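The values are calculated or read from the model by the stated rules, or taken from the named source; none is laboratory data. Here the structure is a predicted model, which is why all the values come from computation and not from measurement. All Cβ positions, even for glycine, are placed from backbone atoms using ideal geometry, and neighbour counts span all protein chains on display.
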Amino acid sequence: MKGAPHTPTAAVEALGAVLREHPVLIDPLLVSEDLASLRRVFPDDADFVSAVLAIGAAVVHACMKGAAFGIPLQYQLQTWYRVAFPSRPGRKSKADLRLVFRPTENGTVEILAFGHRQNPQAVYLTAKTRSSVRKKH
Amino acid sequence: MTPSTVLAGFDLDAEIGMSELRSEETLTERLHEHPALRLRRRNDMLAVLVTPERWREMLQTIRDLEDAIDRYEQAAVHGIISERASKAHFVPATKSTWNEVTRRFNDLTS
């Protein structure tokens with residue numbers, strides 16, 4: 001990832017730049033929800049920046065290594081791969097983040113989900129919160 | 001480190017001094033009596049000594065726990081991933097697409 005962003009906004013922009021530079025396909029709705037969930041898990045700016053950069057690095061690895069980078073999911077989801085990695089790259093820290101991706105036959109990589117491994121419901125909490133806000137208005 | 005923290009998980013006499021470490025017999029004998037020893041110098045706890053067998057057990061315990069966490073994670077995310085996989089609409093991560101991501105991210109977090 002070029003440069004070293006220090007703010008959440010810069011980190012999100014940097015992630016976007018990384019995705020544009022690689023053959024990546026995304027669902028904008030899912031990515032924005034995953035980023036919001038990640039922000040809730042990492043309220044500290046520096047932690048969030050580090051986590052976003054780690055996700056960018058994981059996406060790059062997924063593009064370079066494809067299926068070899070992850071472990072296939074089970075049953076009907078076996079075309080999808082998961083990989084766990086630390087939010088603080090370079091340190092000997094726990095693999096607390098997750099990326100779910102699928103390499104396709106034409107060389108692209110579809111990004112289905114990313115986020116904190118122990119907070120899988122955060123996405124739905126986000127959706128529920130938004131739904132409540134809409135009803136109030 | 002507080003005295004209670006230092007004592008936690010250890011028998012009261014499960015310790016060895018720096019000077020005693022020079023004696024292999026003393027170390028072996030002490031480790032035979034206790035699964036883990038505090039290595040102390042005066043009131044400071046410098047390290048913890050365990051037998052190779054105990055160390056292997058600890059590593060295996062960690063691996064077992066990581067496997068259990070992994071199974072829990074897979075069960076927890078399976079439903080979410082299934083739903084996403086069936087409904088996702090993938091597009092290239094263009095500049096305009098990312099502007100949309102950023103705008104929604106800001107809405108969700110503001």
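Some points to look at:
- Annotation: of all residues in region B:82-92 being under 16 Å from residue A:34 (Cα atoms) and not hydrophobic (A, V, I, L, M, F, W, C), the one that is modelled with the highest pLDDT is B:89.
- Residue count for region B:62-81, restricted to those that are at pLDDT 90 or above and at the interface with chain A (Cβ under 7 Å from one of its Cβ atoms): 0.
- For region B:87-101, the criterion of a residue being aliphatic (A, V, I, L, M) and more than 10 Å from chain A (Cβ to nearest Cβ) is satisfied by no position.
- Residue count for region A:40-55, restricted to those that are surrounded by fewer than 24 Cβ atoms within 10 Å (Cβ to Cβ), more than 17 Å from residue A:118 (Cβ to Cβ) and touching a Leu at 6+ places or on another chain (Cβ under 9 Å): 1.
- In region A:23-39, the residues that are buried (at least 16 other Cβ atoms within 10 Å of the Cβ) and more than 8 Å from every other protein chain (Cβ to nearest Cβ): A:34, A:37, A:38
- Considering region B:1-27, and only residues there that are assigned to a helix (DSSP H, G or I) and surrounded by 11 or more Cβ atoms within 10 Å (Cβ to Cβ), the residue that is modelled with the lowest pLDDT turns out to be B:6.
- Single condition residue B:89 does not satisfy, out of (1) part of a loop (DSSP other than H, G, I, E, B); (2) surrounded by 15 or more Cβ atoms within 10 Å (Cβ to Cβ): (2)
- Lone qualifier among B:61, B:94 - being surrounded by 13 or more Cβ atoms within 10 Å (Cβ to Cβ) and either among the β-branched types (Val, Ile, Thr) or on the phi > 0 side of the Ramachandran plot (or both): B:94
- Residue in region B:78-85 that is over 30 Å from residue A:14 (Cα atoms), acidic (Asp, Glu) and without any contact (Cβ under 8 Å) to a residue 12 or more places away in the chain present: no
- Test: residue B:76 is loosely packed, with under 12 Cβ neighbours inside 10 Å and of a type outside the set (Lys, Arg): no
- Being within 18 Å of residue A:111 (Cβ to Cβ), surrounded by fewer than 21 Cβ atoms within 10 Å (Cβ to Cβ), at pLDDT below 95 and more than 10 Å from chain B (Cβ to nearest Cβ) is a description that applies to residue A:72.
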